[in-house]
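Peer 1: Here it is: the structure, laid out below.
The values are calculated or read from the model by the stated rules, or taken from the named source; none is laboratory data. These numbers were taken from a predicted model, which means no experiment stands behind them. Don't worry about glycine lacking a Cβ; one is built from the backbone with ideal geometry, like all the others, and counts go over all protein chains shown. With ligands, DNA and RNA removed, areas are computed over all heavy atoms of the protein, side chains included. Shrake-Rupley method; radii C 1.70, N 1.55, O 1.52, S 1.80 Å.
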Amino acid sequence: MPGSERSSEHLRDRERLAAAVKEAGAIALNFFGGPLKSWTKGEGDSPVTEADIAANDLLQQRLLAPGDGWLSEESENDPARLNARRVWVIDPIDGTRAFIAGREDWTVSAALVVDGRPVVAALFAPVTDELFLATAGGGAVRNDAPILASAGGSLDGARIAGPKRVLDWIALNGPGIVAMPRVHSLALRLARVAHSRLDAAVAGGSGHDWDLAAADLLVHEAGGMLTALDGQMLVYNRPEPVHGVLIAAGRERHAALADLVRAQASVSIPKFA
């Protein structure tokens, strides 16, 4: 497909995705702060609520087309996705524990992945009414305003968010780092790097495709980087959609932070999402 046709297709997908995540966010808000049915799933006792399921059903109805793959935290894993070139990667509520607790830092996270990388992304934070959008090669916006990751390579004074034990470990080896309050939605934590609210963010080692794909594109389209510790970009829609410790930051600062962590490779890094 020629580049102009691909760009037009991505823009159409972005419009559909933006509308869908806002509609899903509105559904979740109807449950937010009120009586809520919830239960746990999986070996890690991860919580799920009726709002997660309702938002997931809406997104699947609005987005899934014949031939597309589907990978969502709240849908049964369908191995057919592995043979699909286009795969929707969805977390209907990223930060469910925050949602249950009545906090504002939860999001609807959705991305279209093609050949293992996100090409269209939407992240919606309903409580703060923030809509982040990105297309591959087309930049990133927050509520229609262009966003950029913070410039500079120094770690001194850098505002970094992540799991407390991971940040404590980094601070021991990088004096001057400013540990910021944890953002409970991992997708939103990474998106805060894309619009310079944070200088860097860390994922502690149990993030899934649905937590990461949308934020990944946002960070890169905002001029930053999100990679594993070895500097490799993430590949999505694998049989096991789980990733290790990750770093997000502007390009120069990303290199400095990755160097710091690699220099202490013999030290065990705690695993927390």
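Peer 1: Out of segment 156-167, which residues are at pLDDT below 90 and open to solvent by 80 Å² or more (accessible area, probe 1.4 Å)?
Peer 2: Residues satisfying the conditions are Lys164, Arg165.
Peer 1: For segment 37-83, which positions are open to solvent by less than 50 Å² (accessible area, probe 1.4 Å), among the hydrophobic types (A, V, I, L, M, F, W, C) and in contact (Cβ under 8 Å) with a residue 60 or more places away in the chain?
Peer 2: Of everything in segment 37-83, just one residue is open to solvent by less than 50 Å² (accessible area, probe 1.4 Å), among the hydrophobic types (A, V, I, L, M, F, W, C) and in contact (Cβ under 8 Å) with a residue 60 or more places away in the chain, namely Leu71.
Peer 1: Here are Leu82, Leu59, Leu11: which of them is in a helix (DSSP H, G or I), modelled with pLDDT under 95 and either farther than 17 Å from Asp129 by Cα or among the hydroxyl-bearing types (Ser, Thr, Tyr) (or both)?
Peer 2: Leu11
Peer 1: Examine segment 24-32 for a residue that is at pLDDT 95 or above, in a loop (DSSP other than H, G, I, E, B) and in contact with a Pro (Cβ under 7 Å, 6 or more places away or on another chain), and state whether such a residue exists.
Peer 2: no
Peer 1: Considering only residues that are modelled with pLDDT under 95 and of a type in the set (Gly, Ala, Ser), which ones fall in segment 168-200?
Peer 2: Ala171, Gly174, Gly176, Ala179
Peer 1: To continue, here is another question. Show the residue pairs that are 6+ apart or on different chains and have beta-carbon atoms under 7 Å apart, the first residue being within segment 133-160 and assigned to a strand (DSSP E or B), the second being among the acidic types (Asp, Glu).
Peer 2: Ala134/Glu221; Gly139/Glu221; Ala140/Glu221; Arg142/Glu130; Arg159/Asp199; Ile160/Asp199
Peer 1: If you don't mind, another one. If I go through segment 132-148 residue by residue, how many of them are of a type in the set (A, V, I, L, M), within 23 Å of Met180 (Cβ to Cβ) and touching an Asp or Glu at 6+ places or on another chain (Cβ under 8 Å)?
Peer 2: 2
Peer 1: Only one of these is modelled with pLDDT of 95 or more and not in a strand (DSSP E or B): Asp211, Asp230. Name it. Can you show your working first?
Peer 2: Values: Asp230 fails: modelled with pLDDT of 95 or more.
Of the residues listed, the single one that is modelled with pLDDT of 95 or more and not in a strand (DSSP E or B) is Asp211.
Peer 1: Okay, moving on. Looking at Leu257, Leu229, Leu217, can you tell me which residue is farther than 23 Å from Ile90 by Cβ and either buried (at least 19 other Cβ atoms within 10 Å of the Cβ) or among the acidic types (Asp, Glu) (or both)?
Peer 2: Every option except Leu257 fails the conditions.
Peer 1: A follow-up question, please. State all residues of segment 88-106 that are open to solvent by 10 Å² or more (accessible area, probe 1.4 Å), without any contact (Cβ under 8 Å) to a residue 60 or more places away in the chain and more than 15 Å from Pro35 (Cα to Cα); if no residue qualifies, say none.
Peer 2: Within segment 88-106, Glu104 is the sole residue that qualifies.
Peer 1: Write out, first by first residue and then by second, each pair whose Cβ atoms fall under 7 Å of each other, whose residues are 6+ apart or on separate chains, and whose first residue, in segment 189-207, is at negative phi while the second is open to solvent by 10 Å² or more (accessible area, probe 1.4 Å) and polar (S, T, N, Q).
Peer 2: Final answer for the pair search is Asp199/Ser150.
Peer 1: Looking at (1) surrounded by fewer than 24 Cβ atoms within 10 Å (Cβ to Cβ); (2) under 28 Å from Phe99 (Cβ atoms), which one does Ile177 not meet, given that it meets all the others?
Peer 2: Of (1) surrounded by fewer than 24 Cβ atoms within 10 Å (Cβ to Cβ); (2) under 28 Å from Phe99 (Cβ atoms), only one is false for Ile177: (2).
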